[in-house]
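The values are calculated or read from the model by the stated rules, or taken from the named source; none is laboratory data. Everything quoted here is computed from the prediction, not taken from an experiment. Neighbour counts are summed over all protein chains in view; Cβ atoms, including those assigned to glycine, are modelled from backbone coordinates with ideal geometry. What goes into the accessible areas is simple: the full protein's heavy atoms, side chains included, and nothing from ligands, DNA or RNA. Shrake-Rupley method; radii C 1.70, N 1.55, O 1.52, S 1.80 Å.
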Amino acid sequence: MKFKTTRKMMMLMALVLVVSIVGVACGSKTNNANTSGAGSTAAELPELTLGLLPSIDEIPFVIAHEQGFDQKHGVNLNIQTFKSAKDRDVAFQAGKVDGISADLVAISIYNEAGLDVKITSTTFGEFDLLTGNNEIQDVKDLKGKNVILSKNTSTQYTVAMMLKQAGLTEEDIHITEVPQIPTRLELLKNNKSDAAILPEPFVTMGKAAGLRVLSSTHQAQVNPFVLAFPQSVIDAKPEAIRAMYAAYDEAVAYMQSHDQKDYIDLVIKEVGYPETLKDQIEVPAYIPANQVDVKEVESAFAWAREQGLLTKDITPEEVISDVQFKK
C-alpha cells in the first residue's frame, strides 16, 4: 500500500512538471462576469469555474463569457486564465477550478495517478512544427535532424504522429528537450536547432521572423486538445456543463457572423500576441463543440504506454463523459 501511495504521488508530481511546457510565466487572472444576461444576475446562476491557459482554444469560452452568452443559457462562467500550466494543475488538484483545458497525454497521466478525470469535449488548440533550415522542406526531411520539444507531453506525442505519417519514427530524429516555449523559439530563430514544435502566439511570431511551418496538428489531423472535468463535478453540475456548451456554440456562431476586427483585440489580449503582429494573426475557423474521437484517445494512450506514462488498462470509454455528447 505504501508503494502504491508513493507511486500515485510521484505520478501527480510528474504531471505538474510535464504539462507545464504550455505555460510561459506564473500567475493567473479572472475574467469578471458580464451581467447583461437575460433575466438572472450572475449571483443567481450556478457557477462553473474553468482553469484555462492563454491559447487559441480558450477564445470561444472567453467570448461566450464576455458577450453574456453564458448567463443567457443559465450559467456563470468563472474563467481563471493561468499563465502557467503548473499553477493551473495545482488549482485543479486543490479543487479550486471545476474543469480545465488539457490534452490526451495529461488525461492518461491523471487517470494513471488514480484521479477520475473525464473528457467532456475536444477543444480547438493547435501545435505547429516550424523550421528555419532551408534543407528541410517536408517532415520526412527531418531524418537525422534535431527537433526541440518537451518530453512525455502532448508536444512529443504530436511530433511522433507527424513523423509516423512521414514514414519516420522518433528514433530517426535527435530530440532536444526544452520545456520553455519562448526559449524554443529563440533557439530556432538563432539556428540552434533544425525544428521545434510550438503553440500560438509563438507560431505567428516565428513566421514573422522567417520560420516556416512543416506541419500542424490540423494538417496532420491530430487533436490532443480536450476539456476535462472530474467525475464528481460532472455528477454535481451536469446542467451547468450543458449550458456552458450552449454558450460555447453561440460564441462560435458569433465569430462566424462577425468580422475578425470585432474581436481581434480580445484574442490579442487573451493569447498574448504582440500588438505589432495584429494584421498577421490567423484566427481559426472554429466549429461547434464536439466529443473527442475514440481513435484519438486510443492513439494517445498507446503512445503513453510506450513511454511508460500509462500502465493501467484504461479504455477510451472509461475516460469519455456523455454529459453533453454521447460516447
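Assorted remarks:
- Rel. contact order, % - alpha carbon contacts under 8 angstrom, at least six apart, the range 138-218: 36
- D_trans [Stokes-Einstein, Kirkwood Rh over alpha-carbon pairs] for the chain, 25 °C, 0.890 mPa s, µm² s⁻¹: 121
- Placing dummy labels 7 Å off each Cα toward the beta-carbon, the span from Lys295 to Asn134 is 4.0 nm.
- From phi via Karplus (6.51, -1.76, 1.60), per-residue ³J(HN,Hα) for the range 250-266 in Hz, x at Gly/Pro: 5, 5, 5, 4, 4, 5, 5, 9, 10, 5, 4, 5, 6, 9, 5, 5, 5
- Centre separation in Å (Cα based) which lies between the range 110-167 and the range 187-253: 12
- Accessible surface of the range 83-179, 1.4 Å probe, proportion on carbon and sulfur as whole %: 44
- Residue-wise HN-Hα couplings along the range 299-306, as the Karplus relation 6.51 cos²θ - 1.76 cosθ + 1.60 with θ = phi - 60° gives them from phi, are 5, 5, 5, 5, 5, 4, 5, 4 Hz; Gly and Pro carry x.
- Taking the Cα centre of the range 215-273 as reference, the dipole from Cβ charges on Lys and Arg (+1) and Asp and Glu (-1) amounts to some 160 debye.
- The length gained on full extension between Ala302 and Thr315, counted as 0.36 nm times the residue separation minus their Cα-Cα distance, comes to 3.6 nm.
- Counted charge near Leu52, where neighbours are those whose Cβ lies closer than 10 Å (Asp, Glu -1; Lys, Arg +1): -2
- Rh by Kirkwood over Cα pairs, then Stokes-Einstein D for the range 115-244 at 0.890 mPa s and 25 °C, µm²/s: 155
- Within the chain, percent of DSSP bridges classed antiparallel, to nearest 5: 60
- Here the gap between Lys278 and Arg242, fully extended at 0.36 nm per residue and compared with their Cα-Cα distance, gives a gain of 9.6 nm.
- Under-5 Å amide H pairs with Thr176, H placed in peptide plane, nonlocal only: Val147, Ile148, Leu149
- Whether the range 47-134 is rounded, prolate or oblate, judged on the alpha carbon gyration tensor where a/c under 1.5 counts as rounded: oblate
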